[in-house]
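No value in this document is a laboratory result; all are computed from the given coordinates. Because the structure is predicted, anything quoted here is derived from the model rather than measured. Neighbour counts run over all protein chains shown; Cβ positions are idealised from the backbone, glycine included.
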Ligand SMILES: Nc1ncnc2c1ncn2[C@@H]1O[C@H](COP(=O)(O)OP(=O)(O)OP(=O)(O)O)[C@@H](O)[C@H]1O
Ligand SMILES: [Mg+2]
């Protein structure tokens, strides 16, 4: 945690609505290098929508995004990747009909000196990365459709860490994983954190993320209830924030905090 | 009715062979050679259709003459089917290919018959090439326009190309106010086949040898690549089997093409023109492979390369599998769509060149219903309308299956209305069997 003053990512007053629904309203959130920030909230709170603005999947209606203190133009997923933002989507966003290697390199294929796809090299690298992540994984030649939910999730995670990410967004990354694979992802997060990568970890279940996270942001009905360092609050207090929007003394209230009389 | 059962049973055999692996040996053979059983089923179907017609026609079908004609008749739809695969893989459809064929054919017709002779002189050697390029450019522009409307204005491809079907057919009429343009330029006509438009015995053998060398090179290269990264390799005997099957196919095809001789009047004219004395038993000049067939094969190779070896092809399949994932991966999915339709337009123009050259005329009705045969070829060839699945080779084989059915029925003297009924039923049956096959393969 070297550069404590300048956040890696700063999203300020982000708003986005679909039709009449304010999916995210004036949300402000930040992330420092080597930090794990958990974004918590009930189903439909707006977590995925908020981080999709950062990953370029959605265009915001209002607000600013700053990367390393400078205003960032993120209009599509390609822009986000240029800033070193890699995303594991909740829906995984894998192409079912092609194999793991094709998915890992989708949009960034390795090519031979002739300009053709270097499938062999891509498969070799894929075997290596997947070996680190999920040593039991063997089905490299099959379309991803033939994989289990957890194996598909491993593919999505591998894709995000394959290219040197500086900012990693993980939207419910362990939803489909077994205990062993979940632990592996936990180790991976700690390792990436040591390398100075900033990680947004999205979840609706506090138990998944509380021990991994340095700070938590809680969202409710599209608004940020508040944020806190995990060392300053208890799980129960965070649970109160998620369910009731009640901000404990150790946390900083946001626009979505329950108004206390 | 008899021919109907003949054309459907082959597909049925395709499902049974895979559903019930006969013993260990067969299963091991397929695993070792990595042969696609689906493709094998299609080849089996084709062979059964051929043999069935051969028997029904009393030995007229499997003759050098008929097979050679079959290859030429298939060429135009086969060229378009290679592009239709990419269109359907991305969950789109192109109903306008027949009309684009008609329009670009007419453009090439008037270019070589009316405008270019005035501009360049009557027998300028470049007329055919300029006309061809002109048609290709027009086809590409039409495809680009349609692709642009589909991708950027978000009008469904079904509607855009249905509109195109009407617009380009109407536009064809306007080029000459409905008049047929003929004859075509002699060099241009070579693209249509015939005695002149075939490469003869020697060149056919050269092409055959090159094809055999290419097969060896491909197998050796694949082995080498797998070795480089320590991937499992096919057993050596399997490689030999594959190479052997390839050789037999290629050499067989060349022999058939060389066994079909020029018609006697053309040969006589040729002999007179070149001062060759007319021999006792007549002059037997082999046709060799027809140029339109070479064009179709070239189109197939290029399109397979694009679909499997280039980034563009990878994107096409990824978009077909999951459009949202492709977009999130940073692929410019709209531009890929535009390029697919542009490519389709170019292929329509190439098909139009073959078709106008073969007919020696550009007519208003050229390519009518071809959109349906093209789509049917792709679908019979294993392209899934759900997107994400399909091969170029399969689609070309599908075109051959369709054309075989039609030619066979013509040989049997079956009327056109009944031919259509049969083709329609076969199409539905083939796709149903394919669905069954896929459901079991899962
Ligand atoms: N593409 C969209 N079109 C319309 N409404 C949307 C869209 N995406 C999200 N929403 C709405 O925005 C709100 C927030 O959704 P979001 O997916 O961000 O929730 P979430 O916090 O990620 O929930 P979960 O824990 O279930 O993943 C929901 O009410 C949802 O219906
Ligand atoms: Mg979500």
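With R₀ fixed at 30 Å, the C-beta to C-beta distance from residue A:221 to residue A:79 puts the FRET efficiency at about 0.55. Taken as Cα centroids, region B:372-390 and region B:169-219 sit 25 Å apart, rounded to the nearest whole angstrom.
With the simple model of a label 7 Å out from the Cα in the direction of the Cβ, residue B:233 to residue B:438 spans 3.6 nm.
Residue order for B:233, A:166, fewest other beta carbons within 10 angstrom first, comes to B:233, A:166.
For residue B:385 and residue B:278, what is the calculated FRET efficiency with R₀ set at 51 Å and r taken between the beta-carbons, to the nearest 0.05?
Values: r = 56 Å, r/R0 = 1.10.
Step by step, r from the Cβ atoms, then E = 0.35.
Helix A:149-162 axis versus longest C-alpha principal axis of chain A: approximately 90°, rounded to the nearest ten. Summed over qualifying helices (DSSP H, 4 residues or more, each -39500 (n - 2.57)) and divided by its residue number, the protein assembly as shown shows a 222 nm mean residue ellipticity of -19000 deg cm²/dmol. Hydrodynamic analysis of region B:168-251 uses the Kirkwood radius over alpha carbon pairs. Inserted into Stokes-Einstein at 10 °C and 1.306 mPa s, it gives a translational diffusion coefficient of 92 µm²/s. Working from label points 7 Å from Cα in the Cα-to-Cβ sense, the residue A:190 to residue B:412 distance is 7.3 nm.
Once the Cα atoms are used to define both axes, helix A:235-244 deviates from the longest principal axis of chain A by about 80 degrees. With semi-axes defined as the square roots of five times the eigenvalues of the C-alpha gyration tensor, the equivalent ellipsoid of region A:96-164 measures 20, 13, 10 Å, largest first.
By the count of other C-beta atoms within 10 Å, a proxy for reagent exposure, B:68, B:262 are ordered fewest to most as B:262, B:68. Other protein chain C-beta atoms within 10 Å of residue C-beta, averaged over A:94-105: 5. Remark: the residue B:51-residue B:270 segment gains 75.3 nm on full extension, using 0.36 nm per residue and subtracting the alpha carbon distance.
If the elastic network links every pair of Cα atoms under 10 Å, which of B:382, B:178, B:281 fluctuates the most in the Gaussian network model of chain B? With Cα springs under 10 Å in chain B, the top fluctuation among B:382, B:178, B:281 is at B:281.
Summary of the geometry: region A:219-261 and region B:304-335, compared by the centres of their Cα atoms, lie 43 Å apart.
Mean sequence separation of contacting Cα pairs (under 8 Å, at least six apart), scaled by the length of chain A, corresponds to a relative contact order of 25 percent. A straight line joining the Cα centroids of region A:150-212 and region A:30-59 runs 14 Å. Seen from every direction in turn and averaged, the convex hull around the alpha carbons of chain B projects onto 24.5 nm².
Please report the antiparallel percentage of the DSSP beta bridges confined to the protein assembly as shown, to the nearest 5. For the protein assembly as shown, the DSSP antiparallel bridge percentage is about 60.
Please report the antiparallel percentage of DSSP beta bridges with both residues in chain A, rounded to the nearest 5.
Beta bridges within chain A, antiparallel portion: roughly 55 percent.
In nm, what is the difference between 0.36 nm times the number of residues separating residue A:128 and residue A:259 and their Cα-Cα distance? Display every interim value, and only then the final one.
Values: separation 131, 0.36 × 131 = 47.16 nm, distance 5.19 nm.
Gain on stretching residue A:128 to residue A:259: 42.0 nm.
Taking every residue in B:305-314, how many Cβ atoms of other protein chains lie within 10 Å of its Cβ, on average? So the per-residue partner count for this stretch is 4.
Spin-label pair residue B:312-residue B:64: with each label point 7 Å from Cα along the Cα-Cβ axis, the two points sit 3.9 nm from one another. Exposure proxy for B:306, B:49: other Cβ atoms within 10 Å of each Cβ, ordered fewest to most, give B:306, B:49.
Counting Cβ atoms of other protein chains within 10 Å of each residue's Cβ and taking the mean over peptide A:144-157 gives 1. Entry note, chain B: relative contact order of 32 percent, from Cα contacts under 8 Å with a spacing of 6+ residues. How would you classify region B:306-442 from its alpha-carbon gyration tensor, with a ≥ b ≥ c the square roots of the eigenvalues: rounded for a/c under 1.5, else prolate if a/b is greater than b/c, otherwise oblate? The shape class here is oblate.
Over region A:96-164, Cα pairs under 8 Å with separation of 6+ residues give a relative contact order of 44 percent.
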